[in-house]
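Read-outs: derived from the displayed coordinates by stated rules, not from any lab. Being a predicted model, the structure only gives us computed values, none of them experimental. Neighbour counts run over all protein chains shown; Cβ positions are idealised from the backbone, glycine included.
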Amino acid sequence: MFSKSDSLKLFTVVTVASVIVFFLLSYDTLQKIPIQTNGKNITSEVIRGKHIWESNNCMGCHTIFGEGAYYAPDLTKVYTRRSENFIKIFLNDPNAMYPGKRKMVSYKFSDKEIEDLISFFKWCGEVDLNGFPAEPYLKKYTASFKSSNVKQPEMFEKLCLTCHTYQNRGVTVDPAPVLDNIGKLRSRDYLVKWLKDPKTIKSNSLMPKFPLADSTISEIVDFLVFDN
């Protein structure tokens, strides 16, 4: 049995040691914050993007860094999960990407405001959150995929598979068709023309016109034609 004095000594030693450990861990955390948050990358564009995010109460629907609502997707890693083109098109006209599906308000952001928001999302995606949030399920299914003939373009994963499915990967958004065997059903010229501007082929197409470079379109079409 401990005497009262021994108990007091033990209590004092443990308390002092705990306080010391607490301050050491706090100091270590403070030292790592600038590195993990990429403080040097917080530009004026990132700051303006954060102000836009806050002034429009985006956290009323979305979550970022674990804070916010769960009505709409978590946007902490949206820059990594989607492409910059995807984000631009979506912010310009939310209903163009998912007609009749999404309920996001069109805020009529200017091109500059969209660029600032993208800069903010890019910075958020670069912050080291020790593995949070988990890798998106779409990336999990596509990361290990290797085409037998042509390398899968990065844009195919980040853009095409957000509405279409291919070999049981991706997301089904009506009326977007399954892309399996699309390279056999359509000619290369048809696919190129479709990706440049769907409405030149089908005037009432629900697929938006993506601002894709010719080289990107060629990569996607080559993949669809030669891998099917």
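Annotations for the structure displayed:
- Secondary-structure-derived ellipticity at 222 nm for the chain, considering helices only, amounts to -15000 deg cm²/dmol, per-run term -39500 (n - 2.57) for DSSP H runs with n ≥ 4.
- With an a/c value of 1.5 or above and a/b larger than b/c for the gyration tensor axes a ≥ b ≥ c computed over the alpha-carbon atoms, region 1-74 is described as prolate.
- Distance cut-off 20 Å, percentage of C-alpha pairs in region 39-126 lying past it: 28 percent
- Averaged over residues, the count of other Cβ atoms within 10 Å places the peptides 170-180, 33-43 in the sequence 170-180, 33-43, highest first.
- Each Lys and Arg contributes +1 and each Asp and Glu -1, all at the Cβ; summed about the Cα centre of the chain, the dipole is approximately 400 debye.
- Extending 7 Å from the Cα toward the beta-carbon at both Phe132 and Tyr70 defines two label points whose distance is 1.4 nm.
- Listed candidates (1) 19.0; (2) 11.7; (3) 14.4 - label of the one calculated as mean projected area of the Cα convex hull in nm²: (1)
- Calculated FRET value between His51 and Thr80, using beta carbons and R₀ = 30 Å, to 0.05: 0.85
- Arranged from fewest to most other beta-carbon atoms within 10 Å of their beta carbon, Thr12, Thr80, Thr162 become Thr12, Thr80, Thr162.
- For the residue pairs Lys112/Lys151; Lys40/Lys108; Lys122/Lys199; Lys88/Lys184; Lys151/Lys209; Lys158/Lys202, alpha carbon separations beyond 28 Å are given by Lys112/Lys151; Lys40/Lys108; Lys122/Lys199; Lys88/Lys184.
- Cross-link reach list, aspartates and glutamates versus Lys32, counting only Cα pairs under 19 Å and skipping chain neighbours closer than eight places: Glu126, Asp128
- Largest GNM mean-square fluctuation among Asn57, Asn85, Asn204, using the chain with Cα springs under 10 Å: Asn204.
- Rounded to the nearest 20, the Cβ-based charge dipole of region 39-126 about its Cα centre (Lys and Arg +1, Asp and Glu -1) stands at 220 debye.
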